[in-house]
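Have a look at the structure below, then the notes.
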Amino acid sequence: MYFPVAGIEVNPLVPPLVAFAISLFTSMGGVSGAFLLLPFQVSVLGFTSPSVSSTNQLFNIVAIPSGVYRYIKEGRMLWPLTWVVIIGTLPGVLVGAIVRIKYLPDPKNFKLFAGLVLLYMGARLLKDLAFNPKKTGTPTTEERFHQRGKKQPQATGDETASCEHLSCVTVRQWTPTRIVYDFYGETFTVNAVGLMALCLVVGMVGGVYGIGGGSIVAPFLVSFFGMPVYAVAGAAL
């Protein structure tokens, strides 16, 4: 099938199947998978025009709601964090989209930019694996949460997703400068101003690349802000 806007010819079943496979795994970490779908479109399908970024953004809109619904149902949607991320990211995405159209229309330059973004994310993952050795002794919040999930008996319907079976996120304080919340018996404090500034920069990069920025901001939330991934995945998504 020929797609005139993209200027490519491909089996119409291939893109949705690839998108499904990618989002199936990446949604577990609080990202839609658009950051992996874009290289597939550019390098495999040959879709290199600026419209590939907007196509990728549309994928985000379609892929994200089901994951968000699941986090809301489980009580793990940290709404104050979500709004801070949105307020910081949205202006950056708009600026990034303009930069993509005006300054990076050349496929060669855009591929270089996309490669640098992927290189950065890969380096972050390798750094976390290589230089953050597993600590012995008291298990972390995430480890205890994961262990509890394994021990829970099988349940059906709403019972599975209720707070009786999965620890909910409880907001204790939400001000313009900080967010305080409880998750699985521990209290976490987040600098809202610093996070908003970070999301603004991430939004600009995401707007150029064609992603919402969750795949970039999620590692920062975990590494720099010390937040458990199980609590921030919904907001990052």
By Cβ neighbour count within 10 Å, fewest first, VAL44, VAL201, VAL52 rank VAL44, VAL201, VAL52
Inter-label distance for GLU186 and LEU125, nm, one decimal - labels placed 7 Å from Cα along Cα-to-Cβ = 2.3 nm
Set the Förster radius R0 to 35 Å, insert the Cβ-Cβ distance between ILE101 and SER66 as r into 1/(1 + (r/R0)^6), and round the FRET efficiency to 0.05.
-> 0.70
Report the label-to-label distance for LEU90 and ALA197 in nanometres (one decimal), using points 7 Å from each Cα along the Cα→Cβ vector.
-> 2.2 nm
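Values quoted throughout were computed directly from the atomic coordinates according to the rules given, and no laboratory measurement underlies them. Treat the numbers as computed from the prediction; the structure is a model and nothing was measured. Cβ sites come from the backbone with ideal geometry, for glycine too, and all protein chains shown count toward neighbours.
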